[in-house]
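K.L.:
Once you've had a glance at the structure underneath, I'll fire off some questions.
No value in this document is a laboratory result; all are computed from the given coordinates. Keep in mind it's a predicted model, so treat the numbers as computed, not measured. Methodologically, a virtual Cβ is constructed for each residue, glycine included, from the backbone with ideal geometry; neighbour enumeration extends over all protein chains shown.
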Amino acid sequence: MRGGHPWIYRADVIDVDAAGGDIVTVLGPRQRRLGDALFSDRSQIPIRMLTHGDRVADAGLIRSRLDQALRFRESLHLDATACRLVHGEADLLPSLIVDRYAEYLVVQALSQGMDRMMPEVVAMLTELTRPAGILARNDPKVRALEGLEQTIEVLAGEIPESVVVREGPIEYDADLRRGQKTGLFLDQRENREAAARYAHGRLLDCFSYHGGFALRLARQCPEVDALDISADAVARIRANAVRNGVPHVQPHEVNVFDELRRLERAGARYDTIVLDPPAFAKNKASVANALAGYKEINLRAMRLLTPGGYLVTCSCSYNVTEDLFADVIHQASVDSHAPMTLVEKRMQGRDHPVLVGVAETYYLKCMILRRIE
Ligand code: SAH
């Protein structure tokens, strides 16, 4: 907690007089009041601070934090009808996620304390945003670590089978109940915009999901291949391509690792390549394997790039730091004999803010590189 970090780990808790889900007062050495916090009796992070010092965590505090979070998003004037409204710790609302999809909200409560607070939070969100419906996507695995059940339920109003949202010039059909995360990868919006500044020629969009990058870049790329291992994702890419008037986006249901090798053997060349894999390192123990995975796909992508071509490469593994990722890119460039310049160093969209001093809130790294020759 020193330095403003909101988490206190189990090993640092000496005595507890509370039940899981309570809002507790945390006392430090000599019974000094450190602040109020959410308490969990199962997690490795039993304490998530809500306030520091004498400030009391009551309904008024939660409401004003929600209000602040909403105002910040409004102030961004995003050219999109879907965005993150509350990004947990970075909005001083630990373990709470709220995403907006047009007139609907999707919420996630990722700790016992936040879970217990949800009825109040839902009432406040209803008052502040007047949504047509609120869906709880409480199916992330982290809930199991908290001893919480994994559920998907409508908490208020109605949630249709699919919701059409717009991101810049592109429309997506989002399935809030079954889609990954809360439906779409909202954190890449600004990186898709940035990629549009450079994309040209033949485009290869790897790990495309519903076509995020492929669709956004398709108008400036006469040939587009979008790769994903999931049949459902491929069907969505196809439907989204028609909806957005870019039928030349060709989805392929393949494993990117195999396909990059096959393309290389076949002597294929692309002018723009996007690599947006799932988090390869879900924990510290898997970092080494993850780095090998990132190296492999980046190396092959660099070989497939034409001189003057662009690589948009991402890592959403929090455990793979920016330095580690940069190192992998360097190694890949050396091994592929493709000299690359770093054109832009980017991160998750601004509606997913990073709280200074809380490294865990900075998870998405994105580099835009150009192959020089
Ligand atoms: N680029 C997307 C988000 C990608 S999410 C966007 O902008 O919206 C990661 C995607 O990678 C998921 O859709 C998942 O199905 C896919 N995936 C995971 N492993 C894969 C593999 N080995 N080969 C191809 N696709 C894979």
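K.L.:
Kirkwood Rh over Cα pairs of the chain into Stokes-Einstein at 25 °C, 0.890 mPa s: D in µm²/s?
P.N.:
Reported coefficient: 112 µm²/s.
K.L.:
From Cα pairs below 8 angstrom and at least 6 apart in sequence, can you work out the relative contact order of the chain, rounded to a whole percent?
P.N.:
It comes to 11 percent, rounded to a whole number.
K.L.:
If you don't mind, there's one more thing I want to ask. How large are Rg and Dmax for the range 209-335 when only the alpha carbon atoms are used, in Å?
P.N.:
Just the Cα atoms of the range 209-335 yield Rg and Dmax of 14.9, 44 Å.
K.L.:
So for the chain: antiparallel DSSP bridges make up what percent, rounded to the nearest 5?
P.N.:
Bridges in the chain that DSSP calls antiparallel: roughly 65 percent.
K.L.:
OK, next. Within 10 Å of each candidate Cβ there may be at most 16 other Cβ atoms; applying that plus a DSSP loop requirement, which GluC sites (Glu not before Pro) in the range 147-216 survive?
P.N.:
Filter output for the range 147-216: 149, 158, 161.
K.L.:
Within the range 1-82, report the trypsin sites (Lys or Arg not before Pro) that DSSP leaves as loop and that have at most 16 other Cβ atoms within 10 Å.
P.N.:
The qualifying sites are 32, 42, 55.
K.L.:
Under a crude label model (7 Å from the Cα following the beta-carbon direction), how far is residue 200 from residue 282 in nanometres?
P.N.:
Distance between label points: 4.2 nm.
K.L.:
What is the distance in Å between the Cα centres of the range 292-327 and the range 185-255?
P.N.:
Spelled out, the Cα-based centre of one part sits 18 Å from the other.
K.L.:
Given the C-alpha atoms of the range 280-365, compute the convex hull and give its volume per residue in Å³.
P.N.:
Cα-based convex hull of the range 280-365, divided per residue, equals 95 Å³.
K.L.:
Between the DSSP loop rule and a limit of at most 15 other Cβ atoms within 10 Å, which trypsin sites (Lys or Arg not before Pro) in the range 111-172 are left?
P.N.:
Of the trypsin sites (Lys or Arg not before Pro), the ones in loops of the range 111-172 whose Cβ has at most 15 other Cβ atoms within 10 Å are 141.
K.L.:
A further question on this structure: Around residue 341, what is the net charge, scoring Lys/Arg as +1 and Asp/Glu as -1 over all other residues with Cβ under 10 Å from its Cβ?
P.N.:
Summing Lys and Arg as +1 and Asp and Glu as -1 gives +2.
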